Structure formats: C-alpha cells, structure tokens
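The values are calculated or read from the model by the stated rules, or taken from the named source; none is laboratory data. From a predicted model like this one, the values you see are computed outputs, not experimental measurements. Cβ atoms come from the backbone with ideal geometry, glycine included; neighbour counts cover every protein chain shown.
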Amino acid sequence: MKMLIVDDSKAMRTFLSSLAQPMHFAVTEAADGRDALDTMIKNDPREPYNIALVDWDMPRMNGLEFVQHIRRNRDFNEVKILMVTTSNSIERISQALEAGANDFLMKPVTKDNLAEKLQILGFEE
C-alpha cells in the first residue's frame, strides 16, 4: 500500500512516516500541496497512492486546496484523504469533508489514533 504524507514540517513528515511504515505502507513525502499534486500526477497510475495524510496549513497550496484539486481529477477518486491538523473547528472539518476528505485526525497524532483512523478507512494492519 502506498501513502503520501503532505506537511510543511519535515519533523511531522518524519514522525508520520515512522508510524506508517511499520503498518506496511510505502511512504512518499511532500512539503506542500503543490509538491504533493506534482507527485501524484507523476506517479505510475498502475501503482496509485491508496491514502494521503494532508496537513491543512501549508505554503504555496494548503491542504484544502490540495483536496479540491485531487477530487476534480477522476484519476484520483480512489485515493483516501485524511486531513491531519491542529484545528478542530466545525467549520474547517465541514470544509474538508465537503471538499472530499474522507476523515479528519487531530494533532498531536499517536500511533493508536492513526491506526484507528486507518482501520475506519478500510486499511487493516
């Protein structure tokens, strides 16, 4: 299974990768939504990303904009999107879900709450 981790914090990308790799995900990292979009477009369509963990607040292209771009491209309909952010406002959660995110995970992330969200989205350990 392939996972794309999108966060402007290198430390957060490294941390999320360290949680995901033991769960049998091949992880690719992107520093913002623009890099993530480019990565997905250049990816071999025969081996698509299964899930993207996406931070909200990033430069160049934020997480919401990334979700909107991905959901407009039918090639990426099957990619699950998990927003990972510090904001827990109902407005932001609604915006993300309306844009096409599948679920929401609050920081600070733990191994257990990430595993729980992945299971809810259909990924078994």
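Of all residues in the range 76-97, how many are exposed (fewer than 12 other Cβ atoms within 10 Å of the Cβ) and either acidic (Asp, Glu) or in contact with a Leu (Cβ under 8 Å, 6 or more places away or on another chain) (or both)? Count: 2. For the range 105-120, the set of residues classified as in a loop (DSSP other than H, G, I, E, B) and either exposed (fewer than 14 other Cβ atoms within 10 Å of the Cβ) or in contact with a Ser or Thr (Cβ under 8 Å, 6 or more places away or on another chain) (or both) consists of Lys107, Pro108, Thr110, listed by residue number.
Restricting attention to the range 4-30, the residues being crowded, with 17+ Cβ neighbours inside 10 Å and assigned to a loop (DSSP other than H, G, I, E, B) number 3. For the range 88-104, filtered to residues that are modelled with pLDDT under 95 and either in contact with a Gly (Cβ under 8 Å, 6 or more places away or on another chain) or assigned to a loop (DSSP other than H, G, I, E, B) (or both), the residue that is farthest from Leu114 (Cα to Cα) is Ser89.
Residues of the range 31-65 that are within 14 Å of the chain's Cα centre (by Cα), without any contact (Cβ under 8 Å) to a residue 40 or more places away in the chain and not in a helix (DSSP H, G or I): Ala31, Asp32, Met61, Asn62.
Scanning the range 105-125 for residues that are within 22 Å of Ala31 (Cα to Cα) and charged (D, E, K, R), we see that the one that is modelled with the highest pLDDT is Lys111.
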